[in-house]
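To start, the structure under review is shown below, and the notes come after it.
The values are calculated or read from the model by the stated rules, or taken from the named source; none is laboratory data. Fair warning: this is a prediction, and the values are worked out from it, not measured in the lab. Neighbour counts are summed over all protein chains in view; Cβ atoms, including those assigned to glycine, are modelled from backbone coordinates with ideal geometry. What goes into the accessible areas is simple: the full protein's heavy atoms, side chains included, and nothing from ligands, DNA or RNA. Shrake-Rupley method; radii C 1.70, N 1.55, O 1.52, S 1.80 Å.
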Amino acid sequence: MSKIVEAAGGILYRRRRLPDDVARWRADEGSSLVMTTTGKHHTSGTNATAEGLRHTSTVSGTTQSTTSGAVTGNAATTSATATHTTTSATTTPASTNTDTTRTTPLFDDIEVCLVHRPKYDDWSWPKGKVDPNESHMHAAVREIGEETGQAVALGPYLGDIEYPQSEEGSKQRHTKNYAPNVNTKHIRFWMATAISPVDKLKRSAALGPVHRADVGEIDDVIWLTPDKARKKLTHSTDKEILALFIDRLQEGAAHAVPIIIVRHGKAEARKSWKGTDANRPITPRGAAAAFALTQELACFNPVRLSTSPWIRCMETLETFSWQTGRDMVKLDPLTEDAFAADPQGAWDCFLSEIEYALAHRIPTAICMHRPVIGGIFNHLRGLCVSEALAKRLLAKSPYMPTGSALAMFVIETPRGPRIIDIQKVIPLVY
């Protein structure tokens, strides 16, 4: 019988420092797409494929392959991309370019991190096997940290690949049509960004230890623009993940902020509880889930902890609050009674949390009750960028299991907040 080895990793990225002349040009033009010294703008494709990171550029008369189309904006800049007129739907043919014309590849102000494995002599994304009693999310954060030396938080999900273990070091891996009885490796990938030393210190107790990989496992780490990374990557499967990363950037993922909805842990039954509903606590089983959830929440590094002031919600976030030294913010409109009396008030409160998180770039976790979550979901579906994404916000009670979470990645648009990714966050209680 075949065996599947589960693994996880990601694309760690950062903004790179641009040459002063390019930075000044972009500040003047309000764009960070493709530019030439003649001042013309060219736009590039919205749907990158495994080979679609190719862009036409001519530097000192050297021509590179390209895929052209239209792009709505560059997610790698801190300011909104200004609307500008496209002077050409395609790039200028090499024969008409001069040595004075330069172009900048799409997302060249982004750098991604590649690692070198001496065992296979390959360049790939940081990744590794999932340990026993560990989630894929936690494994991704841990492995990226071990192999790059950077403490990271996860962003939007990218995708997964699977190939025979016998092809671990092969440049061309078979992801389809391989024998059904072979041992395979299944890897899930996320976007990831580095967190500050202060956040790393605060998060350490919740996440657990991360030890740097030894030189026999990883002996070099480099940062490259996506265009150069595609050429450097050894494996075809890693290039496929890079294409998904570019797709995410074009959605605006580099600007996305995580908003994590937490449903409180299993609470004492209403019938058996003698106190008020506001004081009804979580059960030992609920406490175990709340404790295990802290390790999963740490993968997204929520800095703001908001909650209904009722006991069962506060108890669910209490361990994470204690481990990270971050205070809980009580939101009265998110109690069950307040929601029943004023559903719109609850939504207004939740929306203000989203807007605050986007304005201040603060990852936020919000703990609520089942009825409140159902009402909030009704509004959130309209913010999803696709119908398929909206369907992840279930319309039927109980909406979410107790003691679990949903990590939504939200971007700001001219039409207001939009959700580009939703991930289930399920604690492992063992």
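Charges were assigned to the Cβ only: +1 to each Lys and Arg, -1 to each Asp and Glu. The resulting dipole of region 122-166 about its Cα centre is roughly 80 debye. Placing +1 on the Cβ of every Lys and Arg and -1 on the Cβ of every Asp and Glu, with nothing else charged, gives region 255-315 a dipole about its Cα centre of roughly 280 debye. In region 270-328, a dipole from Cβ-located charges (positive for Lys and Arg, negative for Asp and Glu) runs towards its positive end, and of ALA287, LEU317, LEU297 it is ALA287 whose Cα lies farthest in that direction. The alpha carbon centroids of region 132-146 and region 300-354 are separated by 27 Å. Compute the separation of the alpha-carbon centres of region 371-430 and region 205-259 and state it in Å as a whole number. Using only Cα atoms, the two centres lie 25 Å from each other.
Ordered by packing density, taken as the mean number of other Cβ atoms within 10 Å over each peptide's residues, highest first, how do 123-135, 5-17 rank? Please list the in-between numbers first.
Values: 123-135: 18.2, 5-17: 20.2.
For the peptides 123-135, 5-17, the packing ranking is 5-17, 123-135.
Name the shape class, rounded, prolate or oblate, that the alpha-carbon gyration tensor gives for region 274-326, where a ≥ b ≥ c are the square roots of its eigenvalues, rounded holds for a/c under 1.5, and otherwise prolate holds if a/b is larger than b/c and oblate otherwise. Oblate shape, in that a/c is at least 1.5 and b/c is the bigger or equal ratio. With the alpha-carbon atoms as the only input, what is the per residue convex hull volume for region 152-270 in Å³? With only Cα atoms used, region 152-270 gives 223 Å³ per residue.
Take region 214-301, drop everything but the C-alpha atoms, weight them equally and run the Debye formula without solvent; then report log10 I(q)/I(0) at 0.14, 0.22, 0.23, 0.25 Å⁻¹ to two decimals. Log-scaled intensity ratios, in q order: -0.78, -1.11, -1.14, -1.18.
A simple spin-label model places pseudo-atoms 7 Å from Cα toward Cβ; at SER204 and SER386 they are separated by 4.0 nm.
Choose one of MET191, ILE222, HIS235: the residue whose Cα lies farthest towards the positive end of the charge dipole of region 189-270 (beta-carbon charges +1 Lys, Arg; -1 Asp, Glu; about the Cα centre). Working it through, the farthest residue towards the positive pole turns out to be MET191.
Measuring with a 1.4 angstrom probe and ignoring ligands and nucleic acids, ILE222 comes out at about 40 Å² accessible.
Across region 271-430, the convex hull enclosing all Cα atoms gives 120 Å³ per residue.
How big is the C-alpha Rg of region 212-364 next to the rule-of-thumb value 2.2 N^0.38 Å, as a ratio?
Working: Rg = 21.1 Å, N = 153, 2.2 N^0.38 = 14.9 Å.
Cα-based Rg divided by the globular estimate yields 1.42.
Rolled with a 1.4 Å probe across the full set of protein chains, the surface gives VAL385 an accessible area near 80 Å².
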